[in-house]
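For reference, the structure discussed in these notes is given below.
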Amino acid sequence: MNAPATKQVLLQRLEGLRQMPTIPAVLVPLLHHLQQPVAQFDVQEVTDLLSQDKSLAAQCLQMANSPLFGRWQRVETLRGAVVSLGFHHLSDIAMSCGVLNLLPTDKKKLDPVVFWEHSLGCALVCRHLARQLKLSDPGNAYLAGLLHDLGIIVNLWVLPQEFRAAFEIAKAEGIPLHEGEERSLGFTHCDSGRILAEHWDLAPNLIEVVSFHHSPEKASRNPELVALVHVADLLCRMGGLNYGYIEQQQVNLFDDAGFYILAKSSPSLKHFDWARLTFELDSYMDEVHRVVQTIYRT
Ligand SMILES: [Fe+2]
Ligand SMILES: [Fe+2]
């Protein structure tokens, strides 16, 4: 499987974009709105768009009523969700529901639920860390965490058998998934994710996160955001919101390249309350499982 020819064939298959997931139509204007200053948001337009897709609207309401989004009193309409949660939160929710629907056609090959649970957990940890560290652009943090492993869904979709073999190697040896992919496929979900992120015309910051979240030292455009996602990903993998298996490798966060980059731009990281984050991560976990399961049933 390691032959360069295999890598080339697989990458060509990805580049050909055959069977590649298309971006859910409703998310295109949302992504566009997210690139604009808040004053230019047309809340009604976006709410109308979301309302047109009944199943997506129902999923958004399910998520809007989850404590993960700080909502304790029931909201019944999307408009109500915008009013009580704010437009940014509703965008986060709509993006989450939209991408969670990107299911490979053959679910029997490998269950994508576990990857979305990891992605949603990572998005929440990114949001939490960005707020605590008072990062310059916390608005992007949730989305970056949510989409960082887009390449896994691409691999599940386009190369199910080959990806399954890579996954089994990683699981059997307890190594990080990207190392199993590198060994078995000759490339990782960072490479396949980059192809889809570019195809979807995602913002350059997000493309960089998708491409370099396992090698944050390579980021040049927004190393802080890439490092944030890298650290959140590590915390999730160590904390139980992993890819469905335990990694054997001991990670010392304080020696990690991403942690170093983040500490350089956010001195407050040194005084960060890690015990509290671990506690919050535990409390997120059950709710993340519940929300993802609910969305898949809607
Ligand atoms: Fe990853
Ligand atoms: Fe990840």
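A few notes on this one:
- Residue pairs, from the table K134/K264; K171/K218; K134/K270, whose Cα atoms sit over 24 Å apart: K171/K218
- At an R0 of 25 angstrom, the distance between the Cβ atoms of E198 and D137 translates into a FRET efficiency of 0.75.
- Between A25 and V251, the distance separating the two model label sites (each 7 Å from Cα on the Cα→Cβ line) works out to 3.9 nm.
- Derived scalar couplings ³J(HN,Hα) [the stretch 150-158; Karplus, 6.51 cos²θ - 1.76 cosθ + 1.60; whole Hz; x for Gly, Pro]: 3, x, 5, 5, 4, 4, 4, 7, 8
- Working ranking of peptides 281-290, 172-181 by packing, defined as the average number of other Cβ atoms within 10 Å per residue, highest first, is 172-181, 281-290.
- Computed over the chain: relative contact order in percent, which uses C-alpha pairs under 8 Å that are six or more apart: 21 percent
- Put simply, the Cα atoms of the chain extend 54, 46, 34 Å along their principal axes, the longest span coming first.
- The residue among L50, N101, L159 whose Cα reaches farthest toward the positive pole of the charge dipole of the chain, with charges on the beta-carbon of Lys, Arg, Asp and Glu, is L50.
- Taking the Cα centre of the chain as reference, the dipole from Cβ charges on Lys and Arg (+1) and Asp and Glu (-1) amounts to some 320 debye.
Coordinate-derived values only; no laboratory data. Everything numeric here is computed off the predicted structure, so don't read it as measured data. Reconstructed Cβ throughout: ideal geometry from the backbone, glycine too, with neighbour counts over all protein chains shown.
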